[in-house]
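*Asks:* Questions regarding the structure given below will be posed in turn.
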Amino acid sequence: MPSFDVTSEVDMQEVRNALDQASREVVNRFDFKGTDSSIELGDNSIAMNSANEDRLSALRQVLQEKLVKRSVSLKALEYGEIEEASGGRARQNVGLTAGISSDKAKELNKFIKALGIKGVQSSTQGEQLRVNAKKRDTLQEVIQSLKEGDFDIPLQFGNFRD
């Protein structure tokens, strides 16, 4: 029986490369001179620091541009609150979400069942979703429908088996 897996992953090497590029651009750009702006990568988060909220939003934009160029989905980013730091500075933490939570898995299962395609079954397996069907064409229909849907997480389709 043909099947495929739906996953939500973030390529951390691409994120690291995008952060390096963004850091280099911030150092060289005139509008960031003297603001002591920085971007740092944690385990599953990115810490951004700048002189004020205006420079922080510009920093966020630079980061987003570099992530898009590296094909990292912006849906994987969860922006935290902008915090006031000492000396009137501003900082913000950005979480990187990877894996499909149980709530999102239920939402995806419900969406697949609502498509009403005959013979399609989906089940949650850890942080991924396995979709089975009798025909390969119906699986491709499901993939197309999932790509068109908006689930606020990046979706990848892999492990396609006949």
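The values are calculated or read from the model by the stated rules, or taken from the named source; none is laboratory data. All values reported here derive from a predicted model rather than from experimental measurement. Here the Cβ is made from the backbone with ideal geometry for all residues, glycine too, and neighbour counts use every protein chain on show. All accessible areas refer to the heavy atoms of the entire protein, side chains included, with ligands and DNA or RNA removed. Shrake-Rupley method; radii C 1.70, N 1.55, O 1.52, S 1.80 Å.
*Asks:* Compute the distribution of all C-alpha to C-alpha distances in the stretch 1-92, in bins of 5 Å from 0, and list the percent of pairs in each, rounded to whole numbers.
*Replies:* Bins of 5 Å from zero give 3, 13, 24, 22, 16, 10, 4, 3, 2, 2, 1, 1, 0 percent of pairs.
*Asks:* Same structure again: Of the trypsin sites (Lys or Arg not before Pro) in the stretch 54-162, which ones lie in a loop per DSSP and count no more than 12 other C-beta atoms within 10 Å? Walk me through the numbers before you get to the answer.
*Replies:* Numbers: sites: Arg55, Arg60, Lys66, Lys69, Arg70, Lys75, Arg89, Arg91, Lys104, Lys106, Lys110, Lys113, Lys118, Arg130, Lys134, Lys135, Arg136, Lys147, Arg161; in loops: Arg70, Arg89, Lys118, Lys134, Lys135.
Answer in residue order: Lys118.
*Asks:* I'd like the orientation of helix 53-69 relative to the chain: the angle between its Cα long axis and the longest Cα principal axis, in ° from 0 to 90, rounded to 10.
*Replies:* Orientation of helix 53-69: about 40 degrees from the principal axis.
*Asks:* So which GluC sites (Glu not before Pro) in the stretch 32-116 are both in a DSSP loop and have at most 15 other Cβ atoms within 10 Å of their Cβ?
*Replies:* Sites meeting the loop and neighbour criteria: Glu81.
*Asks:* How many Å² of accessible area per residue for the chain, probe 1.4 Å? Walk me through the intermediate numbers first.
*Replies:* Details: 9400 Å² over 162 residues.
Accessible area per residue: 58 Å².
*Asks:* For the chain, take the longest principal axis of its alpha carbons; what is the angle in degrees between that and the long axis of helix 102-114, to the nearest 10 within 0 to 90?
*Replies:* 40
*Asks:* At 0.36 nm per residue, and after removing the present C-alpha to C-alpha distance, how many nm does the segment from Asn132 to Asp103 gain when stretched out fully? Don't skip to the answer; put the middle values down first.
*Replies:* On the way: separation 29, 0.36 × 29 = 10.44 nm, distance 2.04 nm.
Computed gain between Asn132 and Asp103 is 8.4 nm.
*Asks:* What relative contact order, as a whole-number percentage, does the stretch 17-162 give when Cα pairs under 8 Å and 6 or more residues apart are counted? Intermediate values should be presented prior to the final figure.
*Replies:* Details: 177 pairs, mean separation 24.9, N = 146.
For the stretch 17-162, the relative contact order is 17 percent.
*Asks:* Could you please tell me the mean projected area of the C-alpha convex hull for the chain, averaged over all directions and given in square nanometres to one decimal?
*Replies:* Working: hull surface 42.4 nm².
Reported value for the Cα convex hull: 10.6 nm².
*Asks:* Given 20 °C and 1.002 mPa s, compute D for the stretch 51-136 with the Stokes-Einstein relation, Rh being the Kirkwood radius over Cα pairs; round to the nearest whole µm²/s.
*Replies:* On the way: Rh = 16.2 Å.
Estimated diffusion coefficient is 132 µm²/s.
*Asks:* Next question, about the same structure. Test of understanding: what is the full-extension gain from Ala47 to Gln61, defined as 0.36 nm times their sequence separation minus their Cα-Cα distance?
*Replies:* Details: separation 14, 0.36 × 14 = 5.04 nm, distance 1.41 nm.
Separation in residues times 0.36 nm, less the Cα-Cα distance, equals 3.6 nm.
*Asks:* Quick one: with all protein chains in place, what share of the accessible area of the chain is carbon or sulfur, to the nearest percent (1.4 Å probe)?
*Replies:* Working: 4120 of 9400 Å².
Percent of accessible area from carbon and sulfur atoms in the chain: 44.
*Asks:* Could you calculate the FRET efficiency of Glu84 with Arg161 from 1/(1 + (r/R0)^6), where r is the beta carbon distance between them and R0 is 35 Å, rounded to 0.05?
*Replies:* Details: r = 52 Å, r/R0 = 1.49.
Efficiency, from the Cβ-Cβ distance: 0.10.
*Asks:* If each DSSP helix of 4+ residues adds -39,500 (n - 2.57) and the sum is divided by the residues in the chain, what number results at 222 nm, nearest 500 deg cm²/dmol?
*Replies:* Numbers: 4 runs with 60 residues, N = 162.
Helices in the chain give a 222 nm mean residue ellipticity of -12000 deg cm²/dmol.
*Asks:* If you don't mind, there's one more thing I want to ask. Using only Cα atoms, tell me the angle between helix 12-28 and the longest principal axis of the chain; keep it within 0 to 90° and round to the nearest 10.
*Replies:* 30
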